[in-house]
Structure formats: C-alpha cells, structure tokens
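Scroll down for the structure; my scribbles are underneath it.
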Amino acid sequence: ADYELLYWDARTGRQNLDSQMDTGWATWTRVLGFPVMGIWPPGSDGTDVNACDRSPDGELLVTADDGGAVKLFAYPAVVEDAAHRTHRGHSSHVSSVRFSPDGERVISSGGRDRCVFQYRVWPMEAPEPRPPTPEKRWLPLDASGKNYGW
C-alpha cells in the first residue's frame, strides 16, 4: 500500500537491506521500479496498471490496465508517459498479461469479461533513414561576387 520495493532473502527469510539497483533480474513482472516508471499514464494512481511482463529477449514490455487496454512498450520504459502501442479488445479491466516463453505471443486475461486474448508479436521494419542534411556553405550568388547566400 506504500508503493515500496522491499527485497527478501528466500534462504533466510530476512529482509535484504542492500541496494538492488544494479541487480539483473531474470524476469520483470512488477509494475513498480525504475525500468517501468514510464508505463503510468498522466493522472493515474498506483492501481491503474494491473500487471506487466518483460519479453524473454528483454526488448519489450507489455502491460494490462484498468481501461481494458494491453499496451506494448520498449523496455526499459523510463521516460514519463513512454511511447507505446495500445491494443483494445477487453470490455473492462485487464487483470493479467504475459509473454509466451518464446516471446512470439502475448496472452491477456480480462477481469469482468472473463476472456483470454492471444496477440502475436510482429517485428516492425525500421523506417528508412533520412538523407543527410547538406552542409551549409557561403556561395556567391552573382558573377560580381558581391552578393552571397547559402
């Protein structure tokens, strides 16, 4: 309820007070933490995002929210209101979302609608790079060489 990240040692059952900032995790299913701070829409409270999951290759993050949306982000999503793609289909809140073990599919389960949706993850083609901007140089505009321009 305090939105704290507390860590425990499974072997001893005691709280781990050491910094976990640079710890590499095998999965990421928490909706709180530095790598997912951009998943929260403006004006949301701590209950609007119900679940998240990082893809097995560590490139994507998918979330489930109270608005019935399944959102796909690049991982990590560290900027405020990070860019994402929204996919709709559930008639009410989405209670859970997970990547398949091979990362090719996303499975979401609805709350009130009791539906399970399966999405296929398609890689997007990178857009063509823009041509380089020509370098600006001062050139004479007329034969006399007195008037110059770009």
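Of note:
- Projected over all directions and averaged, the alpha-carbon convex hull of segment 1-122 occupies 8.6 nm².
- Tail weight of P(r) past 17 Å, computed on alpha-carbon pairs of segment 1-65, percent: 49 percent
- Within segment 12-72, the trypsin sites (Lys or Arg not before Pro) that combine a DSSP coil assignment with at most 11 other C-beta atoms in a 10 angstrom radius are 14.
- Modelled spin-label separation between residue 88 and residue 16, with each label point placed 7 Å from Cα along the Cα-to-Cβ direction: 4.1 nm.
- A full extension of the chain between residue 5 and residue 23 corresponds to an added length of 5.2 nm, given 0.36 nm per residue minus the alpha carbon distance.
- Amide H partners (placed H, <5 Å) of residue 75, local residues excluded: 60, 61
Taken together, the values in this text are just the output of simple stated rules run on the coordinates, not laboratory data. Source: prediction; values computed, not measured. Note: ideal-geometry Cβ built from the backbone for every residue, glycine included; neighbour counts use all protein chains shown.
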